[in-house]
Each structure stands twice: as C-alpha cells, then as structure tokens.
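Right, one structure below, let's go through it.
Quick note: the coordinates plus some simple rules give every number you see, no bench work behind them. Values in this document were obtained by computation on a predicted structure and should not be read as measured data. As a convention, Cβ positions derive from the backbone with ideal geometry for all residues, glycine included, and neighbour counts pool all protein chains shown.
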Amino acid sequence: MITLLEWLRPWEPSLPVFLACVLAAGLYVVGMMRGARPGFWPALSYFLGVGLIYVVTQTHYDYYSQYLFAAHRLQHLVLHHLGPFLIALAMPTAVLAAGLPASWRTLPQGVMAPFFRVLGSIYRVLQQPFIAGFLFVGLVYFWLTPDIHFDAMLSLDLYWFMNWTMAVDGLLFWWLIFERGGRGITPRLSPGRRIMVLAAIMPPQIVLGAYITFSGQNLFEIYDVCGRAFPIDPMLDQQIGGLITWIPAAMMSVIAAVIVLAFRLDQEERAEDSRTETTLERA
Amino acid sequence: MSNPGERPLDYRGQAVVTLRQIDRHNGAVKGTAFRAFKHADVPLVEGRDFFVVPLDRPSHPAIDSFLLQARQADAVYSSSRALILLTRHAYARLAAAANLSPL
C-alpha cells in the first residue's frame, strides 16, 4: 500500500516545474496580501488550476502517466485543457502584477526593451485566432503521433519538453478565449469569434479521440516495454485514453462557449445598469 | 524488502537480468529499472549491452525456451509485451550510475 508521503514524492522530480508552480502560487498570495481582491471564485479557480498542474507532474500520479496510456491522456487533459482553463478563467494578471516588485510592473526600458518588444510581437502572432487554434489542436496530434510519442516517453528531456509545450500552449489558448478586463497585449476577440475558435477545435479532437478509441491495433507500444502500471488489457487502456482525448477535451469547448456567453450577458447587464443609473441621476 | 538472491538468466550464452528482476532486487516499485534504463547516462548499445525480446510474436525455439525459463523465474511482468534484457556487465554500469544495488 502506497503511503501519502510516497504519493507526494514526484516520480520524475523537475526543478523548473516545481519552481514555476511555487512561484505562480506565491506571487498570487503576495498580490492578495498587498491588497488585490480577486474574489473567492477566481482565487479558487487559479489555485485549483496551478494545483492540478502540480499534482499531475510532481507527485506519484506522474508514475501512472508514464506506465498507463489512459493516465497519460488524463495528465495532458489537465496540462493542456483543465489547468490552464482554470488559470485563465481567473484572469490573474492584476493579482500577479500586485505581487511583483513595483519596478517590474511596467515593461522594461533600456537595453532589454527591444527583446521584450520582439517577445510581444511573437506573442501577438501566436494569439491570432487561426494560429492559436491550429497550435492547440496540432500539438495534440503531434505528441500523439506514435513514433514521436514513443521517443517522448523514452527520453526525459523530450518528456518534459512535451509537457511544457502542452501547458504553455494551453495557457496561451485559454487566455485568448477568456481575455477580459483592462486591455493588455492579447488580441481581444468578440464573443462570436471566440465561440467560432472553440467550435473549430472540437472536430479534430473528436476525430483523433475516436480514431484512438476504435483503432484495432496497439498504437502506443512504449507502454508495453515495461508493462503497464497494473494488469490491464493494452487495447482497453488505449480505448480509455482515446475516450479521454475525445469526450472531456471536446466538452471543454462547450463549457468555455457557455462561459464566454455568460461573460457577454454579464457585460450587457452591467452596461444596462449603468445606463439606468445615469438616467435616474438626470431625472 | 529487496531480494539479493536474484539470479541472472542465460540468454544466448550471456548472463542477463530483466527489468522485473532489477526492480525486485532493489525492492523498488515496478518501473524503477525502466526509468533508470531510460535515463541512463551510460551509453547502452542494443545487441551488446541489452536485448529487446517481443513476447507476443512467434519467435525462434531458443527464444521460446528462454522465455519459459524467464517466466519460471517470475522475471516477466504480466503486462509486458516486450522484454528488455540487460547484460550483467551493463547492469553493473547502470547500477553505479543510478544508485541501484549491484547484483
């Protein structure tokens, strides 16, 4: 029987992942201590997102991800979909900025300025709706190409590169979808365009998930080399993994579309309230 | 916890150990040997330092006989579909690099 301590011990310790998660949580806490008030639900959403990313990468869960295809798909569902989704939903920019030293809150001037300008330009290109959607789906396909998947699961460096690309791309994509509040450098899409992007990424994910689920052959042989984490038929493992790629991943688009619409309605209600107040004041 | 009495198997005249034997020898969770093998800093060459034997394809009678020997020694994980066999010499190098117990 595995103890709690063993569960909490990472199977593949990664200092960059550990530091990124601690920094993300720590900065948010400092921001709140300095007076930022994100509200209960955004704070919960943010910590849940960061926490889930930590759990699937820096605990014993990662062991199952490496020895079970279904667990690997769940790990990527969290890294690419659920974790970044929750973080972006919280729109933590203001709180994180409050957590930073005052001198870091504006874009750097002087010798570093051109570097950040280039970075900003690359960011804006990556956040073009077509490119963002293409990257979002393309990465899932890329890392699930059987030969590439085999190599990624066999090499520690490639393994972490794969996980980082999924998490960073997830953050970029969901940030684009949920972007709101004060204008930053992220392109602000209309609710209709956001929903169109969400609709466009659904069919390719459904096709890939269905292909994996209904494939008659064992596509991901890396899990056969050492054997799976526990005795399970390889095809059943693959089918469960395919279903995870197919259903929850596509469902996230539907949930996101509902949230985008809710934001829109909320915005309209606020505008209506503001108009009513102005009329009453004049009267 | 560990099983210091793990005996290497004979594969084509070479003393080899399976990943399951290494895990058991070190009293470690399944996958520990494979993780060490995947991340080995020491260069391991297939055909010299290790061999990969598929379990689910028809093979040579000599390999079938080896697999029987390996199964009798409980040296194969039931869910494995391919067997990685490390030579004794390669395991000694791997053990030194990955903090595993020598055989």
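A compact table of results
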{"quantity": "Cα centroid separation, region A:99-171 to region B:48-103 (Å)", "calculated": "40"}
{"quantity": "Under the Karplus curve 6.51 cos²θ - 1.76 cosθ + 1.60, θ = phi - 60°, whole-Hz ³J(HN,Hα) for region A:21-29, x wherever Gly or Pro sits", "calculated": "5, 5, 5, 4, 6, x, 4, 5, 5"}
{"quantity": "Debye, to nearest 20: dipole size of chain A, +1 on Lys, Arg Cβ, -1 on Asp, Glu Cβ", "calculated": "1120"}
{"quantity": "Local electrostatic count at A:M252 - Lys and Arg +1, Asp and Glu -1, tallied over other residues with Cβ under 15 Å", "calculated": "+1"}
{"quantity": "Evaluated over the protein assembly as shown, the Cα radius of gyration and Dmax, each in Å", "calculated": "25.5, 100"}
{"quantity": "Most mobile listed residue (A:G133, A:G192, A:G99) in chain A, GNM with C-alpha springs under 10 Å", "calculated": "A:G192"}
{"quantity": "10 Å Cβ neighbours from other chains, averaged over peptide A:148-156", "calculated": "1"}
{"quantity": "Gyration tensor verdict on region A:38-106 (Cα atoms; rounded if a/c is under 1.5, prolate if a/b is larger than b/c, oblate otherwise)", "calculated": "prolate"}
{"quantity": "Per DSSP, loop trypsin sites (Lys or Arg not before Pro) in region B:1-86 with at most 13 further Cβ within 10 Å", "calculated": "B:R12, B:R48"}
